[in-house]
Amino acid sequence: MTLQQLRYVIEVAKQRSISKAAYQLFISQPSLSNAIRELENELGIAIFSRTNKGIVITSEGSEFLGYARQVMEQTDLLENRYANAAQPPQQHFSVSAQHYA
């Protein structure tokens, strides 16, 4: 399981469509489908039930999504806390002038 796969699952759940999620994630629909299928096989659960009208989140998938969102929120907090701290503070330089007649 990777953070990328978690991002994919969250976006598919948000869009309620694999093709719309693929468009939002800037990847191909078959690649997204394969990534989700690999995750489902690895975990041994069905996160989404696929129909010809789109996808439906299963009960196991709903529970998984709750945990996935928590993991992604924690990841974002870590990135914001430590990735931004590694950058030196920005210095500002400004010049002003007065014009006299």
Exercise. Would you check which residues across region 50-63 are of a type outside the set (Ser, Thr, Tyr), within 11 Å of ALA13 (Cα to Cα) and surrounded by 13 or more Cβ atoms within 10 Å (Cβ to Cβ) and list them?
Key: GLY54, ILE55, ILE57, GLY61
Self-check item: Members of region 1-34 found to be farther than 20 Å from THR75 by Cα and among the hydrophobic types (A, V, I, L, M, F, W, C), listed by number
Solution: ILE18, ALA21, ALA22, PHE26, ILE27, LEU32
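Laboratory data are not the source of any read-out in this text; all were calculated from the coordinates shown. From a predicted model like this one, the values you see are computed outputs, not experimental measurements. Cβ sites come from the backbone with ideal geometry, for glycine too, and all protein chains shown count toward neighbours.
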